[in-house]
Each structure stands twice: as C-alpha cells, then as structure tokens.
Amino acid sequence: MVERTLAIVKPDAVSRQLTGEIIKRYEHQGFKIAAIKKIRITKSQAEGFYYVHRHRPFFESLANFMAGGPMVVLVLEGEDVIKRHRDLMGATNPKEADKGTIRREFGTDIEHNVVHGSDSRESAQFEIGYFFSGLELQS
Ligand code: UDP
Ligand code: MG
C-alpha cells in the first residue's frame, strides 16, 4: 500500500550540516520526496505540532529545541513508508537505537535525535497537513 509520511530533519541535524546525508538515505531506500522545504517555526507552532506530548515533562524543552533553528520538513511517499521510515530512524533514544539507523549514527541524546517521523496513518495525515498545503502536495 503506497503511503505518505512526514519526516523532519530537526534543527540539530540542519545546524550540523547533516541534511544531505539524511536525505541521501531516504532516496537510497527508494522513498519518493513528494514535498520538501526549509522552515523555522515558533515555539507555539512547535507546541501545536507536539500537542500529544503537552503533559510530558520534556514538552517545553522539546518546543524550545524545535523552534531554536531552521528545520527541513519532507513528505516521503512509498510502499509501507510510515513503518519503513521509523525503522530507518531507529529508537527515540539514540543510545538504544539499532546500529545503522539514523539516530544511532547521528543522534546526540534523547531530545537531540536528528529526525522525526510520523508513527501512524492518523498522525501522518495530521502532521503533513500541519506543514504543507494541498497545492504543495500536488505532483
Ligand atoms: N523526547 C525527549 N525526551 C523524552 C522523549 C522524547 O526530549 O524522554 C523528544 C525527542 O526529540 C522525541 C520527541 O520528543 O523525538 C517526540 O517524542 P516521541 O516519544 O514521540 O518520540 P519519536 O516518535 O520521535 O521517536
Ligand atoms: Mg512520536
């Protein structure tokens, strides 16, 4: 089943000039880039994106991190791409992520873990719509 997922190259990765390295891995997996842009969001926009985590202790720090510099947001498209992208990312905590995953190779700590990926069809739909308009998703 062809799906779409939202990927983010987070501000830590953009500032460390890892954007190209990460996108190269997506293309090597055969994921199609349906949309892509570099943006910088406000803290309240970051809070809206991570609304499901609003009661978690790391919420405010996470919002500050995501608003702290530019990020690259992408819509990836492909067969089973939601799970395949999550597998390529690795576990949330880079120290627990499998070898060869993006977070294991490049992540610093559980917050600064270089990439985001939608975890379900429902979250992908919300997250893609949070950053991209219908016009940007044509192609
Ligand atoms: N995060 C954090 N501390 C934690 C758990 C998560 O700072 O204890 C951050 C981390 O950047 C993570 C994001 O919050 O990617 C969203 O957390 P989630 O549990 O959804 O992890 P993900 O889906 O990104 O693997
Ligand atoms: Mg998540």
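Among the residues of the stretch 114-124, is there at least one that is of a type outside the set (S, T, N, Q), more than 9 Å from ligand 1 (Cβ to nearest atom), surrounded by fewer than 20 Cβ atoms within 10 Å (Cβ to Cβ) and closer than 20 Å to T19 by Cα? No, there is no match, as no residue in the stretch 114-124 is of a type outside the set (S, T, N, Q), more than 9 Å from ligand 1 (Cβ to nearest atom), surrounded by fewer than 20 Cβ atoms within 10 Å (Cβ to Cβ) and closer than 20 Å to T19 by Cα.
Within the stretch 92-113, if we keep just the residues that are more than 15 Å from ligand 2 (Cβ to nearest atom) and charged (D, E, K, R), the residue that is surrounded by the most Cβ atoms within 10 Å (Cβ to Cβ) turns out to be R104. Of the helices (runs of 4 or more DSSP H) that lie entirely inside the stretch 1-65, those containing 1 or more residues that are surrounded by 19 or more Cβ atoms within 10 Å (Cβ to Cβ) and in contact with a strand residue (DSSP E or B) (Cβ under 6 Å, 6 or more places away or on another chain) span 11-15, 19-28.
State whether the residues of the stretch 54-68 include one that is over 19 Å from P94 (Cβ atoms), over 15 Å from the mean Cα position of the chain (by Cα) and among the aromatic types (F, W, Y). Within the stretch 54-68, one or more residues are over 19 Å from P94 (Cβ atoms), over 15 Å from the mean Cα position of the chain (by Cα) and among the aromatic types (F, W, Y). When the stretch 82-139 is filtered for residues that are part of a helix (DSSP H, G or I), of a type in the set (D, E, K, R) and free of Cβ contacts under 8 Å to residues at least 60 places away in the same chain, the ones remaining, listed by number, are K83, R84, R86, D87, K95, E96, R103, R104, E105, E122.
Quick note: the coordinates plus some simple rules give every number you see, no bench work behind them. Keep in mind it's a predicted model, so treat the numbers as computed, not measured. Glycine also receives a Cβ, built like all others from the backbone with ideal geometry; neighbour counts cover every protein chain displayed.
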